[in-house]
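To start, the structure under review is shown below, and the notes come after it.
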Amino acid sequence: MKLDDSRRDQFRKLAKYQGYRSRSAFKLKQINQTHHILKKGNIVVDVGCAPGGWIQVAYEEVGEKGKVIGIDLKKMESIYGTILIHGSIEDEKVIAELNQLLDKTVDVILSDIAPNVSGNWELDHARQISLTESVFDLAKKILKRNGTAIFKVFQGDMLNDLIIRLKESFERVIITKPIASRQESSELYLVCINFR
């Protein structure tokens, strides 16, 4: 077993032991430990939330005075203290449902969204960046001034242009790769701080 397989297995076991729905919960935990994104009372929207690991971590951090709303195309079992919307953020009905649930702007947008991987790297990269741009478009409508966003991205030719666009809307864009990410994977996370 390679070291990276061992690490992946370690986080999978840890997720099961600690009651998280996915090992990716530890990616958000590690990002939050470094950048202190999630705070008590925050309103958080998690796009591409299935199977729910990030929502669980977000709810732990914001507590009962906060609000956590997850959106995904996949149906999933409810998670205590959170609200789930089934559908695509490119669907106006989903956006209308989200807006009904929000009585003010959002503190944090989370996006661990990814397309179903086809194996054609250029296509997968383009689809992932397109999905992230859709989440960014949503963020521009609902994120409060000085709010924060975390976007998963795939490395590739289109990434730099996306980062340039994000820097026009956020004071800082930090590129990070949590320890819980597979080291051979092309995924990175963009931590975008202080929405203008």
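Each reported figure results from applying straightforward, stated rules to the coordinates on display, with no laboratory input. What you see is a predicted model, and the numbers here were worked out from it, not measured in a lab. Neighbour counts run over all protein chains shown; Cβ positions are idealised from the backbone, glycine included.
For the reader, a short list of remarks on this structure follows.
- One residue alone among Lys104, Lys75 is basic (Lys, Arg), under 28 Å from Asn146 (Cα atoms) and loosely packed, with under 12 Cβ neighbours inside 10 Å, and that residue is Lys104.
- Residues of segment 129-161 that are charged (D, E, K, R) and either surrounded by 13 or more Cβ atoms within 10 Å (Cβ to Cβ) or under 18 Å from the mean Cα position of the chain (by Cα) (or both): Glu133, Asp137, Lys140, Lys141, Lys144, Lys152.
- When residues in segment 141-164 are screened for being among the charged types (D, E, K, R) and closer than 16 Å to Leu188 by Cβ, 3 of them pass.
- Ile71 meets each of the listed conditions (1) farther than 18 Å from Leu131 by Cα; (2) out of contact with any Phe, Trp or Tyr (no Cβ under 6 Å at 6 or more places or on another chain) apart from (1).
- The condition of being hydroxyl-bearing (Ser, Thr, Tyr) and touching a Leu at 6+ places or on another chain (Cβ under 6 Å) holds for only one of Ser111, Ser88, that being Ser88.
- Residue, farthest from Cys49 (Cα to Cα), within segment 85-103, restricted to residues that are of a type in the set (Asp, Glu) and assigned to a loop (DSSP other than H, G, I, E, B): Asp103
- The single condition among (1) within 24 Å of Phe170 (Cβ to Cβ); (2) without any contact (Cβ under 8 Å) to a residue 12 or more places away in the chain that Gly70 does not satisfy is (2).
- One residue alone among Lys167, Lys144, Lys140 is free of Cβ contacts under 8 Å to residues at least 24 places away in the same chain, of a type in the set (D, E, K, R) and out of contact with any helix residue (DSSP H, G or I) (no Cβ under 6 Å at 6 or more places or on another chain), and that residue is Lys167.
- For segment 139-190, a residue qualifies if it is among the hydrophobic types (A, V, I, L, M, F, W, C), under 24 Å from Leu98 (Cα atoms) and in a strand (DSSP E or B), and the qualifying residues are Leu143, Ala149, Ile150, Phe151, Val153, Phe170, Leu190.
- When residues of segment 107-128 are limited to those that are of a type in the set (A, V, I, L, M) and within 20 Å of Lys29 (Cα to Cα), the one surrounded by the most Cβ atoms within 10 Å (Cβ to Cβ): Leu110
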